[in-house]
């Protein structure tokens, strides 16, 4: 057993080292000076990172190495583990009393005893940030929730997310922690999955139950309904310990970017910060000569 565990850890380290080598140049450039540049937006989020996805260039950075609770941003890792598992998405899963939130007491429209496909649970976890859906996905994993959480942490190591730790699939626990640097890697990995791109940017989804009843859910990020935004991936998060969080992949001023906003103190400030970033990038682009690259 010990030998297999050591081999697994070694494999994760090797994979992570390869990714870390690719990211080393990025990390060397992260610093408060980027956030302090003249004309840079004054963001309200405690930590923030804007990364040019095509050139892997840091456009904005603020407290990017601060490790904090990440709330429902956790569900992006949940989705990666579910999709990596190859488990059938059309398999029906019955909501159990074990899927109820015993930490924060959040409510859910997915009643105990209701049967929903894994695909619908995945979509609801990503789009509507449905906690009970995410808990059911973890519980229905081979080996149950403990095996699922172990897979989440293995995936984090594989992606080189060395400052991240996961303890559940929902993000309700403040033990799910990361920083802006690590989360940019998670967003990049999630964005490579067509289903995650689709499900996180759906504006709404209707679940059709076996008894004919229909339940409609909406996206937790209002920006996906804003025609002024071109969003390729979106995920919100909130618990009291994490504040308001938002990660996105978007196209701004002809530049594909990854945006990470953590611990935004007001109800709408993460949305305001995203709009400030967009306005700043578009303003910079309009004042640059043709052919200018960030």
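Annotations for the structure displayed:
- Residue within the range 68-85 that is part of a helix (DSSP H, G or I), over 15 Å from the mean Cα position of the chain (by Cα) and under 25 Å from residue 195 (Cα atoms) present: yes
- If the condition is being touching a strand residue (DSSP E or B) at 6+ places or on another chain (Cβ under 6 Å), crowded, with 24+ Cβ neighbours inside 10 Å and farther than 27 Å from residue 88 by Cβ, then the range 177-203 contributes 180, 183, 184.
- Filter pass, residue 176 being under 27 Å from residue 58 (Cα atoms), touching a residue at least 12 places away in the same chain (Cβ under 8 Å) and in contact with a helix residue (DSSP H, G or I) (Cβ under 6 Å, 6 or more places away or on another chain): yes
- Criterion violated by residue 220 - all others in (1) over 30 Å from residue 114 (Cβ atoms); (2) part of a loop (DSSP other than H, G, I, E, B) satisfied: (1)
- Tally of residues being out of contact with any strand residue (DSSP E or B) (no Cβ under 9 Å at 6 or more places or on another chain), on the phi > 0 side of the Ramachandran plot and buried (at least 24 other Cβ atoms within 10 Å of the Cβ) across the range 68-91: 0
- Residue 223 within 16 Å of the chain's Cα centre (by Cα) and either closer than 22 Å to residue 101 by Cβ or modelled with pLDDT of 95 or more (or both): yes
- Residue in the range 250-268 that is within 18 Å of residue 128 (Cα to Cα), modelled with pLDDT of 95 or more and surrounded by 23 or more Cβ atoms within 10 Å (Cβ to Cβ) present: no
- Hits in the range 44-67 (condition: surrounded by fewer than 21 Cβ atoms within 10 Å (Cβ to Cβ) and part of a loop (DSSP other than H, G, I, E, B)): 44, 46, 53, 54, 55, 56, 63, 65, 66, 67
- Filter pass, residue 94 being in contact (Cβ under 8 Å) with a residue 60 or more places away in the chain, in contact with a strand residue (DSSP E or B) (Cβ under 6 Å, 6 or more places away or on another chain) and surrounded by fewer than 15 Cβ atoms within 10 Å (Cβ to Cβ): no
- Condition check for residue 116: surrounded by 14 or more Cβ atoms within 10 Å (Cβ to Cβ), touching a residue at least 60 places away in the same chain (Cβ under 8 Å) and more than 21 Å from the chain's Cα centre (by Cα): yes
- Put simply, of 156, 125 the only residue that is over 27 Å from residue 208 (Cβ atoms), buried (at least 22 other Cβ atoms within 10 Å of the Cβ) and either in contact with a strand residue (DSSP E or B) (Cβ under 8 Å, 6 or more places away or on another chain) or modelled with pLDDT of 95 or more (or both) is 156.
- A Cβ distance below 6 Å, combined with a sequence gap of six or more or placement on separate chains, defines the contacts here; from the range 221-242, residues that are over 15 Å from residue 258 (Cβ atoms) reach residues that are part of a helix (DSSP H, G or I) in the pairs 224/201; 237/71; 237/72; 237/73; 238/71; 239/71; 242/71.
The values are calculated or read from the model by the stated rules, or taken from the named source; none is laboratory data. In this text, all values refer to a predicted model and were calculated from it rather than measured experimentally. Backbone-built Cβ (ideal geometry, glycine too); neighbour counts: all protein chains shown.
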